[in-house]
Amino acid sequence: MAEMGKGVTAGKIASNMQKKLTRAQEKVLQKLGKADETKDEQFEQCVQNFNKQLTEGSKLQKDLRTYLASVKAMHEASKKLTECLQEVYEPEWPGRDDTNKIAENNDLLWVDFHQKLVDQALLTMDTYLGQFPDIKSRIAKRGRKLVDYDSARHHFESLQTAKKKDETKIAKAEEELVKAQKVFEEMNLDLQEELPSLWNSRVGFYVNTFQSIAGLEENFHKEMGKLNQNLNDVLMNLDKQYSSNAFPIKAQPSDSAPAKANKSPSPPPDGTPITSPEIKTVNHELEPSSLETPGAGIPKSPSQSSLPAVVVETFPATVNGTEEGSAPSERADMPPGFLFKVQAMHDYVATDSDELPLKAGDVVLVIPFDNPDEQDEGWLMGVKEADWLQHKELDQSRGVFPENFTERVQ
């Protein structure tokens, strides 16, 4: 029995090898033009559509997996952010329980969104593409059977046209031809029906897939928006209760700029009331007539805090510098309009082309803005002392920087 089984296996292997050899010979003859090849342009178009559909589906599957990976990464980032909020939110602050609940719901919402994307999009995508390997295999097999059919047809035709006819061989060749034709036509008929149907199904599949993704995203962002609104309400309540400790976020890391804006100058030694000095727009020094000539139309003396913020922030050294004995505004070794010096206490990375990058320890020569209206509160215009001493030019060296990153040099 074992020997019989080995004999059957060997015979089958030999038969398969003979088929492969015959097919190879037939393909060579067809390429050389010595044997005609059965053509079916309609079927070839169906195969092209099938390959295009498979390529598009595979790309969509790949991009969908990338999208899911991004959602998961965003979930992790959001989770870390909410965990950070929970850590910094002190126990005695109002709304702590609310922030914990919001963080929990945030995490659940991300998990639900990811899982629904897997169930309603990725698994459907996998099922859709799961049918392609079998059809692709059948298309390849149909191609081999077509070669077998052409080979059998050519063999039968050659026996019929031979000078010396062998009826036995002709009958056997005809039998092989009929058999090969039947196998080919059965496979060809099935694929002729399936391929157009599969091609047309792509429209509905793409519609359902992207509708599912869009609907899930819409619901996710709607629910996430509610959570964010709740969190905003909690933080607004916290801000109201601690409003006396509020601080600006314009420039970092300290909040010294607003304090400077509200700082009142020391009264003069003779006890005269504080007045609002007139300021020259060129050299920013006090108008002599307004201080030295009695009764010469001294302007009204509003309080320091009522002065426009832009004037105080733009010319702090002019208002305070003369009273405190600072250096004159015009010096030969300083840039035009020089006000005072500051030293950087922290590094500052410029985020715009008109900003001045700073390194801790840099000395900056502060100069006035060409147009005072362009000055933002808490920002100064200046040029690094090292750049000025080396190049003696302003156009390429000056820039704006946050005042609270620096400290005035006495």
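The values are calculated or read from the model by the stated rules, or taken from the named source; none is laboratory data. None of these values were measured; they are calculated from a predicted model. Cβ: placed from backbone, ideal geometry, glycine included. Neighbour counts: every protein chain shown. Accessible surface is based on the protein model in full, side chains and every heavy atom, while ligands, DNA and RNA are left aside. Shrake-Rupley method; radii C 1.70, N 1.55, O 1.52, S 1.80 Å.
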Can you tell me the equivalent ellipsoid semi-axes for the stretch 352-391? Use √(5λ) from the Cα gyration tensor, largest first, whole Å. 19, 12, 9
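With all protein chains present, how much of the accessible area of the stretch 45-179 (probe radius 1.4 Å) comes from carbon and sulfur, to the nearest whole percent? If you can, show how the numbers build up before the last one.
On the way: 4600 of 8360 Å².
About 55 percent, which is the carbon plus sulfur part of the accessible surface.
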Considering amide H positions built from the backbone, and no H for Pro or chain starts, which residues 5 or more places from E355, or on another chain, come under 5 Å of its amide H? V400
Can you give me the pair-distance distribution of the stretch 119-218, C-alpha pairs, 10 Å bins, whole percents? 13, 28, 20, 16, 11, 7, 4, 1
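GluC sites (Glu not before Pro), restricted to the stretch 60-103: which are DSSP loop and have at most 16 other Cβ atoms within 10 Å?
Sparse-neighbourhood loop GluC sites (Glu not before Pro): E92.
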Between D333 and D354, what length comes free when the chain is fully extended (0.36 nm per residue of separation minus the Cα-Cα distance, one decimal in nm)? 5.1 nm
Net charge of Cβ neighbours under 12 Å - reference F401; Lys, Arg +1; Asp, Glu -1: -4
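I need the peptides 221-234, 393-406 ranked by packing, meaning the mean over residues of other C-beta atoms within 10 angstrom, with the highest value on top.
Working: 221-234: 13.7, 393-406: 18.3.
Descending packing order for the listed peptides: 393-406, 221-234.
Any idea what diffusion coefficient the stretch 101-171 gets from Stokes-Einstein, in µm²/s, Kirkwood Rh on alpha carbon pairs, 37 °C, 0.692 mPa s?
Values: Rh = 17.7 Å.
Translational diffusion coefficient: 186 µm²/s.
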